[in-house]
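Reviewing the structure listed below.
Computed from the coordinates by the stated procedures, all read-outs in this text should not be read as laboratory data. Quantities reported herein were computed from a predicted structural model and do not represent experimental measurements. Note that each Cβ is placed from the backbone with ideal geometry, even for glycine, and that neighbours are counted across all protein chains shown.
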Amino acid sequence: MRKLSIIFAVAFALVTGSVAAYAQDAPPAVAPASGAPIDSAPSAQPRPIPCVPSLPCVSLQNQMSGQATRTYVLEEFGTKLMVTFLGIIALTSVIFIIYGGLQMHIALGNDEAITKARKTVLWAIGGLVVAMLAGAIVTIITKISF
């Protein structure tokens, strides 16, 4: 529990320190001499979010275009997530195809075992085809501009 609280404290200090460092170049909010409320209207151009070199971030052009969230989710994060899942599904399918082949080899003429192995291979191939079709459908949908 103590380690968790130390980690939380360090993370909080890092986050608040980076926010404070980012806010240093903002103009100070000073109340006018007349006692009127401070005008907190945003500036005409929002300030971009700085990028950390070792972390993924949204480019400055995308931030200023107003489509930063859509671009990041669909093109960068979504693509990486889809490729990762398709790789996992492909690897799993290949493992099950090999497993079904070994079941066929070990069956030694037992019709029931051969049928079970054939079903294993067919379902693995079917899963691979469905995953590839899902990837193609997602790619097509993301390229459609709304």
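Structure notes:
- Remark: spin-label model distance residue 49-residue 73 equals 1.3 nm, labels positioned 7 Å along the Cα→Cβ axis.
- For 72, 99, order by how many other beta-carbon atoms lie within 10 Å, fewest first: 99, 72
- Cβ charges +1 (Lys, Arg) and -1 (Asp, Glu), total dipole of the stretch 59-146, debye: 80
- Over every Cα atom in the stretch 88-134, the radius of gyration and the widest Cα-Cα span, Dmax, amount to 11.4, 37 Å.
- Set of the stretch 66-99 residues, backbone N closer than 17 Å to the point 7 Å along the Cα-Cβ line of residue 144: 74-75
- Solvent-free Debye scattering, log10 I(q)/I(0), computed from the Cα coordinates of the stretch 59-146 at q = 0.17, 0.19, 0.21 Å⁻¹: -0.76, -0.85, -0.94
- Mean separation of Cα contacts under 8 Å (6+ apart) over length of the stretch 59-146, as relative contact order %: 30
- Residues residue 113 and residue 137, FRET efficiency given R0 of 25 Å [Cβ-Cβ distance, rounded to 0.05]: 0.10
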